[in-house]
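**Student:** Would you mind keeping the following structure in view while I ask a few things?
The values are calculated or read from the model by the stated rules, or taken from the named source; none is laboratory data. Bear in mind the structure is a predicted one, so any value in this text is a computation, not a measurement. Neighbour counts run over all protein chains shown; Cβ positions are idealised from the backbone, glycine included.
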């Protein structure tokens, strides 16, 4: 069991019969009265963030979250299909569960799925990925030194701002947390 003061950023715990992950944590010491813990927690089943306040005496069981490697196979518009590399079992996740992760998935990618009680619930993305530019307006000659940006649509449908020298077919390194261009691959 975790005390509320143990719920640091990244800890996974059970609250209201659902697994949560701590996104932010702050503690205010009240002298003799103990302390007040304010957290923002992400529901790992629904993806929603909720702010919560606890006393340092509140206790929570740890969430049994395992991570396994899967191959991303395909999507049918509503569901995304993955195959476990060890057991070759196929599982599906709904589009709304994936959130923004769908913008970074390409057929054949290896991904880590979080599992709660044996059921896949979420996709763990690497901090960056490589995507190919599918469409972008042409840049002008000599535009390499300016800080101007233009929109680029990646093969997954993600639209980001890129420097003017980027062309269709270029492979780019994209930050999956901020959805920003990092560099050419």
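**Student:** So which residues in the stretch 158-179 are under 19 Å from residue 127 (Cβ atoms) and not in a strand (DSSP E or B), if there are any at all?
**Tutor:** 158, 176, 177, 178, 179
**Student:** With the stretch 20-136 as the region, which strands (runs of 3 or more DSSP E) entirely inside it contain at least 3 residues that are under 30 Å from residue 184 (Cα atoms)?
**Tutor:** Qualifying strands (runs of 3 or more DSSP E): 65-75, 79-84, 110-116, 119-124, 128-135.
**Student:** Suppose we keep only residues that are more than 24 Å from residue 122 (Cα to Cα) and surrounded by fewer than 16 Cβ atoms within 10 Å (Cβ to Cβ) within the stretch 1-26. Which one would you say is modelled with the highest pLDDT?
**Tutor:** Selected residue: 26.
**Student:** Could I ask something else about it? I want to confirm something. Restricting to the stretch 146-157 and keeping residues that are part of a loop (DSSP other than H, G, I, E, B) and at pLDDT 85 or above, which single residue is nearest to residue 133 (Cα to Cα)?
**Tutor:** 155
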